[in-house]
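Novice: Can you keep this structure in mind? I'll have questions shortly.
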């Protein structure tokens, strides 16, 4: 990378003194987001960044420590600080961002709906094209449904909640999008309580197992569009059980 270009890029605007570390972090984030530094690339040294940003090395050091904790960068003795790939990003940090945010349960549930709907359509498409991955996903879903019937018979809400969560995780895994899987995993803290909440007004949890079994039946025997519609009906049912209000543009 051209040094002159780096200097222009890194020293565009002097950093004020009131939020130095925060602004240093923003500058470094811009460098990575812009593609100037990609996973595996070495960042400039603390002294180089301090000179270019016009701040002290201690501020650079604190910013780097935060990024290290988040898994964004890794510092190697005598070698420098390197940008990490997404697999190293701390899921714990993402989880806390959700827990401490102002998002209500409706927004969190919509996020789950969005990623699962895309995944389910992919699973349905693969099954109709007779791809092995589609059949494997259905087999796994059948196994989870069997566990649901066992939990219903034992009136075990904890086991049912775990199976319910796993059912939808299998769908997302079948969609073959690692980012979707990571996001859904971070939602687990929310989803378990939400799932159990949907059972509160049910006389018997057998309806939960039957509902999920029917989704798999339709997936195996009907068209992609019919399968997607049945899957969406499950979401609408769950919304009603949770008492989640519709947004203005919802159908």
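Taken together, the values in this text are just the output of simple stated rules run on the coordinates, not laboratory data. Everything quoted here is computed from the prediction, not taken from an experiment. Cβ atoms come from the backbone with ideal geometry, glycine included; neighbour counts cover every protein chain shown.
Novice: How much length would be gained if the chain were fully extended between residue 135 and residue 182, taking 0.36 nm per residue of separation minus their Cα-Cα distance, in nm to one decimal?
Specialist: Contour length minus the Cα-Cα distance gives 14.6 nm.
Novice: In nanometres, what is the gap between the two model label sites at residue 69 and residue 26, each 7 Å from Cα along Cα-to-Cβ?
Specialist: A separation of 2.0 nm, rounded to one decimal place.
Novice: Follow-up question, since we're still on this one. Rounded to the nearest 0.05, what FRET efficiency is calculated for residue 42 and residue 197 with R0 set to 45 Å and r the Cβ-Cβ distance?
Specialist: Numbers: r = 48 Å, r/R0 = 1.07.
Given R0 = 45 Å and the Cβ-Cβ separation, E is 0.40.
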